[in-house]
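In what follows, a structure is listed as structure tokens, so that the remarks can point back to it.
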Amino acid sequence: MVPCSQDVGFKLQPEALEKAITDKTKWLILNSPSNPTGAVYSRDELAALGEVLLKHPNVLIMTDDIYEHIIFDGLGFHTIAQVVPGLKSRTLTINGVSKAYAMTGWRIGYAGGPRQLIEGMAMLQSQSTSNPCSISQAATVAALEGPQEFLAERSAEFQRRRDFALQAVRKIDGLTCESPEGAFYLYPNCEALIGKSTHEGRVIATDHDLTLYLLDEAKVAAVQGEAYGLSPHLRISIATSMAKLSEALSRIENAIGKLR
Ligand SMILES: Cc1ncc(COP(=O)(O)O)c(C=O)c1O
């Protein structure tokens, strides 16, 4: 794991990548827009990572582009095989219908990559899970070939939720938050709350303690940064209605306000 901390926008830096690559390195896994941080790599940032990767021909690249269509502030979406064509022959680009088309339950993902790798994946999958059901495949074709105008509208709606939730989180004493550029999560830093106690005298020693406290006290579920290897943070999903977001955020504010 290469830590990608808040002070570098939660993004992998070329120097850190260079330092992390050894003879044993097989894959670099990238995800942009990112779950959980909402970080989005620009064309230039991908090109800079690409320069490092071009020097290491044995490293394969897997890029998870599943939040491709949920992107804010007019930023364009870029993916490494497109930005650095010299890497295309060793890049596996993965995507799916779960996020863009709200089709999580249909269980369809797909990938584009070098023939040999795709053939290997097909062989492995045909012997383990067989294949995704034909009904889901037909639904996916309909999603991908149907009208696409609503994708921009949905993205704008997520941006409104992002703006609303960000403003609410930034008002909460003890949380600071970067503005996510895509996906549908906020990833506030909760360092200022570590060491505080609940009214029952339980110490909040980690971000996990904080999520358990919020579940208990506010009946709101958030995911601890620990689960993503970057603490102390909380992941808050904004994939819900404004009304629910508003209620949840005021409960979080209330519960955090009770910590001493
Ligand atoms: C970054 C990322 N990739 C892939 C997925 C997988 O989605 P699914 O299993 O629904 O295709 C998710 C879902 O949360 C995700 O956040």
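The values are calculated or read from the model by the stated rules, or taken from the named source; none is laboratory data. This structure is a prediction, so every number in the text was calculated from the model and none was measured. Virtual Cβ from ideal backbone geometry, glycine too; neighbours counted across all protein chains shown. Note: accessible area is taken over every heavy atom of the protein model, side chains too, but ligands, DNA and RNA are not part of it. Shrake-Rupley method; radii C 1.70, N 1.55, O 1.52, S 1.80 Å.
Some notes on this structure:
- Tabulated pairs, region 49-73, first among the polar types (S, T, N, Q), second in a loop (DSSP other than H, G, I, E, B) and open to solvent by 50 Å² or more (accessible area, probe 1.4 Å), C-beta under 9 angstrom, 6+ apart or interchain: Asn58/Asp23; Asn58/Lys26
Every residue, every condition in (1) within 30 Å of Tyr185 (Cα to Cα); (2) out of contact with any strand residue (DSSP E or B) (no Cβ under 9 Å at 6 or more places or on another chain); (3) at pLDDT below 95, yes or no:
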position	(1), (2), (3)
Ile108	yes, no, no
Gly113	yes, no, no
Asn131	no, yes, yes
Ala139	yes, yes, no
Glu145	yes, yes, no
Glu149	yes, yes, no
Ala152	yes, yes, no
Ala156	yes, yes, no
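- Matching residues, region 154-186, being of a type in the set (Ser, Thr, Tyr), closer than 16 Å to Lys99 by Cβ and over 14 Å from the mean Cα position of the chain (by Cα): Ser155
- Residues of region 86-114 that are touching a residue at least 24 places away in the same chain (Cβ under 8 Å), assigned to a loop (DSSP other than H, G, I, E, B) and open to solvent by less than 50 Å² (accessible area, probe 1.4 Å): Val97, Ser98, Lys99, Ala100, Tyr101, Met103, Ile108, Pro114.
- Screening Pro132 on (1) within 16 Å of the ligand (Cβ to nearest atom); (2) within 30 Å of Glu226 (Cα to Cα); (3) not hydrophobic (A, V, I, L, M, F, W, C) shows it passes everything except condition (2).
- Taken together, the residues in region 131-173 that are outside any helix (DSSP H, G or I) and open to solvent by 20 Å² or more (accessible area, probe 1.4 Å) amount to 8.
Yes/no matrix, rows are residues, columns are (1) surrounded by fewer than 18 Cβ atoms within 10 Å (Cβ to Cβ); (2) touching a strand residue (DSSP E or B) at 6+ places or on another chain (Cβ under 9 Å):
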| position | (1), (2) |
| --- | --- |
| Val8 | yes, no |
| Pro14 | yes, no |
| Asp23 | yes, no |
| Lys26 | yes, yes |
| Thr37 | no, yes |
| Asp44 | yes, no |
| Ile70 | no, yes |
| Thr79 | no, yes |
| Val84 | no, yes |
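- Within region 161-186, residues that are over 9 Å from Gly38 (Cα atoms) have Cβ atoms under 7 Å from residues that are assigned to a loop (DSSP other than H, G, I, E, B) and among the β-branched types (Val, Ile, Thr) in these pairs: Arg161/Ile238; Arg162/Ile238; Ala165/Ile238, counting only partners at least 6 apart in sequence or on another chain.
- Considering region 213-228, and only residues there that are in contact with a His (Cβ under 6 Å, 6 or more places away or on another chain) and open to solvent by less than 70 Å² (accessible area, probe 1.4 Å), the residue that is nearest to Cys4 (Cα to Cα) turns out to be Gly225.
Residue by residue, here is whether (1) assigned to a helix (DSSP H, G or I); (2) hydrophobic (A, V, I, L, M, F, W, C); (3) more than 16 Å from the ligand (Cβ to nearest atom); (4) open to solvent by 30 Å² or more (accessible area, probe 1.4 Å) holds:
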position	(1), (2), (3), (4)
Pro3	no, no, yes, yes
Lys19	yes, no, yes, yes
Pro33	no, no, no, no
His56	no, no, yes, yes
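- Candidates Gly201, Gly229, filtered to the one that is over 25 Å from Ser34 (Cα atoms) and either within 16 Å of the ligand (Cβ to nearest atom) or out of contact with any Lys or Arg (no Cβ under 6 Å at 6 or more places or on another chain) (or both): Gly201
- Selection status of Lys244, over 22 Å from the mean Cα position of the chain (by Cα), within 30 Å of Ala100 (Cα to Cα) and loosely packed, with under 15 Cβ neighbours inside 10 Å: no
- Members of region 67-77 found to be within 16 Å of the ligand (Cβ to nearest atom) and either part of a loop (DSSP other than H, G, I, E, B) or of a type in the set (Phe, Trp, Tyr) (or both), listed by number: Tyr67, Glu68, His69, Ile70, Phe77
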